[in-house]
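Here's the structure we're looking at; comments come further down.
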Amino acid sequence: MNDSFIQKCINETLHGLRDGLSHFSGPSTAAVIFRLPDSSDLSIFDPYNLLRGHELKLKSFYFGESKERNLPQYNGSSTCFSAIEHIPELQIDGLISYGGSSSTVPYQMWFTEHHPDLSSTGPTERWLEHTVLRFSHDVANDAELYTGISGSFLREYSTHAIHDHIEKETFELTGKASNLIFYPILQSILAISKTREEGTFPHGELVFVDPISMEDVSFMARFVDTELPRLNHHKHVRKLIQAVQGTDHKLISDGTNIIGVSYSRLPTYSITADYRGHYGFLRINQDPVCSFSDGRFRSSSLRAKLYEVEEVLLDYRLKSETRDNLFHIISTLVHNGQSMKHGCTFVLDLNTTPSKISGQMLETPLDLNNPDFLELAAGFSRVDGALHICSDQRLHGFACLLDGRTIEGEDRARGARYNSALRFTAENPKTIVVVVSSDRPVSVIQNGLVIDGQCQWRSKPSFTRAPKALKEWLALDD
């Protein structure tokens, strides 16, 4: 097979996949291990060194003595590129993978990061599954018929990935295909999310129920069949959502029309668009699928899990109970700031003697293990400035001003709250600052640096454009 064609094909496919996932989940990379029909050796294409650090797992899986090393072979009779047999994924910590075998590509396994704040891995898995199909298709076409469209298509695959995930989950939950047509539903969900009414974005739940299950819905109010509002009349639906805002009631749709307003009880299968202003969440029953904001679907749960704070606290000599209490306090305050959609800053001061910070000091520090005082602290967080929380689990002050000298790494695009935290922690090494922006990003800052919840180690990209033999990449002797 033409090496230059394979090189071009694999480059365009992988980089299209990477770009698409980066828009959906934040900065992402990708890699693939594959074997072509005219070769007995496995090849790897990992231009961003995603798989570095996992060599032992790969050696054991592909070249070890266990039965895992016996690679699956395509056993189907069809020569069609789309007749793909699924290959069980490699269970590698921090990665999502998907593999397949076809007559045109007997083995391929694609990898990408498992971001810590994913709502669900399902859409990403469907993205990788489609990548398996695209690569099989391109190799089948060979150089003469290669269009190069796979990379472009994978860049824009987010809505398709969500559609494919919903279809798969629906069949697994119900044992059959749904009568709901998902593409227009997804289109309407985004269109409604962008539609303002009297200057505000929608708040409330819009639930999609299969028409054959509509009789299982407990309606509070059902509209006349001849006058049902159409789902694609987005402005009208946006007005109707006001009827369920601030309640447990739900607007019910059959995917084409708005049928009425329901109590909380729903059929065993439904799809919910949960609008929360300028962002929202998509769920199958109660299982999260993704979030949406700014007219786009995103993988993020949009809820800070604060892995970074939990990990940083382990670096200090604190009693286990103290560590757990501090994490609970910070998590509660951060999530309150996010839900109320206001920016706020929290200084976690782990010095034996509290640091002196300019602000509104309290005569008697508040014990934040007391729910009433924790609620009051959440209220103080709305005031400009930071909350000063010490290792005694008490609030010592609020409206605190963080200062410091200019340091490298400041980002003027992030504003004063963020950059002040960078400067302050650079000069106060035993402090952790958590910054919650009004548009929901959460930054954990220590020693003048932002701590990323993902693995920090990554060797420099090799930017190679050609696949390598896996044995060579692993530095194995023949």
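The values are calculated or read from the model by the stated rules, or taken from the named source; none is laboratory data. Predicted, not measured: the structure shown is a model, and the values here were computed from it. Here the Cβ is made from the backbone with ideal geometry for all residues, glycine too, and neighbour counts use every protein chain on show. Ligands, DNA and RNA are excluded from the accessible area calculation, which covers all protein heavy atoms including side chains. Shrake-Rupley method; radii C 1.70, N 1.55, O 1.52, S 1.80 Å.
How high is the relative contact order of segment 6-71, given as a whole-number percent (alpha carbon pairs under 8 Å, six or more residues apart)?
Once normalised by length, the contact order is 18 percent.
Could you give log10 I(q)/I(0) at q = 0.15, 0.18 Å⁻¹ for segment 248-392, computed by the Debye formula over C-alpha point scatterers of equal weight, without solvent?
Here the Debye-derived log intensity ratios amount to -0.90, -1.09.
Quick one: in the chain, what % of C-alpha pairs are over 29 Å apart?
Summing the P(r) of the chain above 29 Å gives 60 percent of all pairs.
With every protein chain present, what is the per residue accessible area of the chain (1.4 Å probe, Å²)?
48 Å²
In percent, how large is the relative contact order of the chain, given Cα pairs closer than 8 Å and 6 or more residues apart?
Rounded, it is 14 percent for the chain.
Provide the solvent-accessible area of residue 156, counting protein heavy atoms only and rolling a 1.4 Å probe, rounded to the nearest 10 Å².
About 130 Å², ignoring ligands and nucleic acids.
Show me 84-92, 96-104 ranked by packing, highest mean number of other Cβ atoms within 10 Å first.
The densest-packed peptide leads the list: 96-104, 84-92.
Rounded to two decimal places and with Rh computed the Kirkwood way over Cα pairs, what is Rg over Rh for segment 362-432?
Rg/Rh: 1.03.
Keeping all protein chains in the complex and leaving out DNA, RNA and ligands, what accessible area do you get for residue 244 with a 1.4 Å probe, in Å² to the nearest 10?
Looks like 0 Å² after rounding.
Add -39500 (n - 2.57) for each DSSP H run of 4 or more in the chain, then divide by its residues: what number comes out at 222 nm, to the nearest 500 deg cm²/dmol?
-10000 deg cm²/dmol
Taking Cα pairs under 8 Å and at least six residues apart, what relative contact order does segment 228-296 come out at, in percent?
Value for segment 228-296: 19 percent.
In Å³ and rounded to a whole number, note down the convex hull volume per residue for the Cα atoms of segment 88-159.
89 Å³
Taking all protein chains as present, what is the carbon and sulfur share of the accessible area of the chain, in % to the nearest whole number, probe 1.4 Å?
Answer for the chain is 48 percent, counting heavy atoms of protein chains only.
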